[in-house]
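Participant: This structure is in structure tokens; I'll ask about it shortly.
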Amino acid sequence: MLSPWPIRNMAANPVAFNLTEDQVASAMSTSGIRKIWAMKKEQPGRIHGQVNVRQHQTVMRYSI
């Protein structure tokens, strides 16, 4: 069962204002892929990240 509540709210760590949504999404996807996460854009402003290790799975949804 997926929790509907965020584990960590990053509102206190804003992204630089001069970056576009696509630049932020690209940076987040690149970072996730480097850490063996499968990343994909679900819709504008939302990224889905998933990692599988042995029989464990973590799924994250990021809102930009």
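Participant: When the residues of region 21-40 are narrowed to those that are β-branched (Val, Ile, Thr) and either more than 16 Å from residue 63 (Cβ to Cβ) or in contact (Cβ under 8 Å) with a residue 60 or more places away in the chain (or both), which ends up surrounded by the most Cβ atoms within 10 Å (Cβ to Cβ)? Please lay out each step first, then the result.
Facilitator: First, the residues of region 21-40 that are β-branched (Val, Ile, Thr): 24, 30, 33, 36.
Keeping just the survivors that are either more than 16 Å from residue 63 (Cβ to Cβ) or in contact (Cβ under 8 Å) with a residue 60 or more places away in the chain (or both) gives 30, 33, 36.
Values: 30: 10, 33: 12, 36: 9.
The extreme case among them is 33.
Participant: Sticking with this structure for a sec: When both residues are 6+ apart or on different chains and their Cβ atoms are under 6 Å apart, which pairs have a first residue that lies in region 41-57 and is over 11 Å from residue 22 (Cα atoms), and a second that is at pLDDT 90 or above and small (Gly, Ala, Ser)?
Facilitator: 50/38
The values are calculated or read from the model by the stated rules, or taken from the named source; none is laboratory data. Nothing here was measured: the structure is a model prediction, and the numbers come from that model. Please note: Cβ atoms are built from the backbone with ideal geometry, for glycine as well, and neighbour counts cover all protein chains shown.
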